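Here is the structure we will look at, set down as structure tokens.
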Amino acid sequence: MSDSTVIERPPATLPLDGWHRAAGARMVPFAGYAMPIQYPDGIIAEHEWTRTHAGLFDVSHMGQLTVGGTGAAAALEALLPADLQALAPGRMRYSLLLNDSGGVIDDLIVTNVSEGEPTYFLVVNGATKDGDIAHLRTHLPAGVVLTPLPELALLALQGPEAALVLDRVFPGIATELGFMEATSRLLGEVPVRIFRSGYTGEDGFELSLPAVDAVTLADRLMAEEEVRPIGLGARDSLRLEAGLPLYGHDLDIDVDPVTAGLAFAITKARRADGGFPGAGRINALLRDGAPMRRVGLVLEGRMAAREGSPVFAGEEQVGRVTSGGFSPTLGHPIALAFVDTAHIAPGTALFAEVRGKRLPATVARPPFVPHRYYRKGEA
Amino acid sequence: MARYFTTEHEWIEVDGDTATIGITDHAQSQLGDLVFVEVPATGTELVKGKEAGVVESVKAASDVYSPVSGTVIESNGALEEDPSLVNSGAESEGWFYRLTIADTAELDGLMDEAAYKEFVAGLD
């Protein structure tokens, strides 16, 4: 007899699983789900389509939950460094679940969806959602109610034509919402939460609705000629060009927000009150600087430096690549890396080592491709 | 001329003691859009089953192995400029390199096209 039998759980299926397969997707396991890595057009065509038209992404693997009740804002502020007391209903913030040493448990988006009773809607990473929920359950006080919402699907519509398209489905939405604003609408009789946000650097929306209705919304959006389905592969190359960190690669439990280049997520008021986990260490890093920082690297040629590649200044190793790949928009490789702060000035000439070769890599400030978010009053 | 295939998804077309080598159409379709291809330089001594080059898709880098031992006599320089040739014609204009075969006995045990098709069908 052996007690070491490993029972591998087969990947769970997304609400749109059959829809993806019918569209010709190649499915791969990711974050515990069978997910579409690409459709027949391929990653580069999907990437370019999103940058020029509108791409439809199924991100239903991500965790959705609400935290509500009297004192919900203060209770969340004890766990993350966002200024939630100042976050008006319908407004969204990027934030970080922190542990007591200032390490990042997860990055997430929190939206104030209060209608009467205080309620915050959280979208967290798929691979970390179970741990996040356990962490929140342990730390939220009695009276503040955590509600996981596994029965919801999440679709993202991203690209310069996303607003045009979504306005046909939900008239007025293109002008009602600015970047990082949220509302609710009905699709027939189905309630849909609409967030003007995403992870591609483009204008776009994320749409949360009951999983049983996800096919209806996906089909409605695909009926528009500007929309094509986009897989995980292009999602990764798009977010890399946008300089956005991917949890588990550019960000993890051993990395503090200052090193990760996410100091913006710790608002002035929160730095002053110091009431978030790891505040002592993080405030010290904000004051004195961190020994390493996340930077962008721009490479020449076509050979990419990928996660784990060491970064050198002359003969001295000064960092490592945390994610990297070929940029379809720019036509050369790009990377995110942690580098000693002595070498992080934009324009600094470094090398990334790949398969024994030294590839010239120049420090750059992300995003590599400019963000094109829609901010009210700028249009 | 005869064409053989490996379980690592390379093809090798043999003409006397020289051969042309590339990756299969199945391999390119699994890799997706290629953005970088590294082929061995003329004169490189390759060993059967050892690394001969690298292909990179948007997502990942993968090694390419030599189906036989031999000396590279020509490599496909067009792939450096346009790696997508491998996607559009993996078993034709997307060839990787030509070599002089060191020992034709190493061809024994490689698959013919029918056997390779069966092998690929069994992977799903």
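Applying the selection to region B:94-113, what residues are of a type in the set (A, V, I, L, M) and either under 16 Å from B:His9 (Cβ atoms) or surrounded by 12 or more Cβ atoms within 10 Å (Cβ to Cβ) (or both)?
B:Leu99, B:Ile101, B:Ala102, B:Leu107, B:Leu110, B:Met111, listed by residue number.
In this structure, is A:Gly319 over 30 Å from A:Arg196 (Cβ atoms) and of a type in the set (Gly, Ala, Ser)?
Yes.
Yes or no: A:Pro29 within 17 Å of B:Ala60 (Cβ to Cβ), out of contact with any strand residue (DSSP E or B) (no Cβ under 7 Å at 6 or more places or on another chain) and surrounded by fewer than 18 Cβ atoms within 10 Å (Cβ to Cβ)?
Yes.
Quick check on A:Ala260: is it among the small types (Gly, Ala, Ser) and under 14 Å from A:Leu96 (Cβ atoms)? Talk me through it step by step, then tell me what you get.
Details: among the small types (Gly, Ala, Ser): yes; under 14 Å from A:Leu96 (Cβ atoms): yes.
Against the criterion (among the small types (Gly, Ala, Ser) and under 14 Å from A:Leu96 (Cβ atoms)), A:Ala260 qualifies.
Identify the residue in region A:323-337 that is surrounded by fewer than 24 Cβ atoms within 10 Å (Cβ to Cβ) and touching an Asp or Glu at 6+ places or on another chain (Cβ under 9 Å) and, among all such residues, is nearest to A:Arg302 (Cα to Cα). Give the steps one after another, and end with the answer.
Pass one, region A:323-337, residues surrounded by fewer than 24 Cβ atoms within 10 Å (Cβ to Cβ): A:323, A:327-332.
With touching an Asp or Glu at 6+ places or on another chain (Cβ under 9 Å) added as a condition, the list becomes A:323, A:327-330, A:332.
On the way: A:Ser323: 16, A:Ser327: 9, A:Pro328: 11, A:Thr329: 13, A:Leu330: 11, A:His332: 5 Å.
Of everything passing the filter in region A:323-337, A:His332 is nearest to A:Arg302 (Cα to Cα).
Starting from residues that are part of a helix (DSSP H, G or I), more than 14 Å from chain B (Cβ to nearest Cβ) and over 28 Å from A:Pro191 (Cβ atoms), keep the ones in region A:210-266 and report whichever is nearest to the chain's Cα centre (by Cα).
Looking at residues that are part of a helix (DSSP H, G or I), more than 14 Å from chain B (Cβ to nearest Cβ) and over 28 Å from A:Pro191 (Cβ atoms), I get A:Ala265.
Would you pick out the residues in region A:279-297 that are surrounded by fewer than 23 Cβ atoms within 10 Å (Cβ to Cβ), touching a Pro at 6+ places or on another chain (Cβ under 9 Å) and more than 17 Å from A:Asp340 (Cα to Cα)?
Passing the criteria: only A:Ala279.
Any chance you could count how many residues in region B:28-47 are more than 14 Å from every other protein chain (Cβ to nearest Cβ) and buried (at least 16 other Cβ atoms within 10 Å of the Cβ)?
2
Please find, among A:Leu157, A:Leu251, A:Leu187, A:Leu232, the residue that is out of contact with any Phe, Trp or Tyr (no Cβ under 9 Å at 6 or more places or on another chain) and of a type in the set (A, V, I, L, M, F, W, C).
A:Leu251
Only one of A:Phe170, A:Phe195, A:Phe121 is crowded, with 18+ Cβ neighbours inside 10 Å, of a type outside the set (Val, Ile, Thr) and outside the structural domain of A:His53 (by TED's automatic domain parsing); which? So that I can check it myself, show each step before the final result.
Details: A:Phe170 fails: outside the structural domain of A:His53 (by TED's automatic domain parsing); A:Phe195 fails: outside the structural domain of A:His53 (by TED's automatic domain parsing).
Answer to the check: A:Phe121.
Would you confirm whether any residue within region A:123-135 is touching a residue at least 12 places away in the same chain (Cβ under 8 Å), of a type outside the set (Ser, Thr, Tyr), closer than 16 Å to A:Thr70 by Cα and not in a helix (DSSP H, G or I)?
So far as region A:123-135 goes, no, none of its residues is touching a residue at least 12 places away in the same chain (Cβ under 8 Å), of a type outside the set (Ser, Thr, Tyr), closer than 16 Å to A:Thr70 by Cα and not in a helix (DSSP H, G or I).
Before we move on, is A:Ala284 part of a helix (DSSP H, G or I) and either over 24 Å from the mean Cα position of the chain (by Cα) or within 14 Å of chain B (Cβ to nearest Cβ) (or both)?
yes
Condition check ((1) surrounded by 17 or more Cβ atoms within 10 Å (Cβ to Cβ); (2) farther than 21 Å from B:Gly32 by Cα; (3) of a type in the set (Lys, Arg); (4) in contact with a Leu (Cβ under 7 Å, 6 or more places away or on another chain)) across all residues:
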position: B:Lys50; (1), (2), (3), (4): no, yes, yes, no
position: B:Ser62; (1), (2), (3), (4): yes, no, no, yes
position: B:Ile73; (1), (2), (3), (4): no, yes, no, yes
position: B:Leu85; (1), (2), (3), (4): yes, no, no, yes
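Would region A:52-70 turn up any residue that is within 14 Å of chain B (Cβ to nearest Cβ), of a type in the set (A, V, I, L, M) and farther than 19 Å from A:Asp203 by Cα?
No, that holds for no residue.
Which condition breaks for A:Val215 when tested against (1) crowded, with 18+ Cβ neighbours inside 10 Å; (2) within 24 Å of A:Asp236 (Cα to Cα)?
Here A:Val215 meets the rest and fails (1).
The values are calculated or read from the model by the stated rules, or taken from the named source; none is laboratory data. Keep in mind it's a predicted model, so treat the numbers as computed, not measured. All Cβ positions, glycine included, derive from the backbone under ideal geometry; neighbour counts span all protein chains shown.
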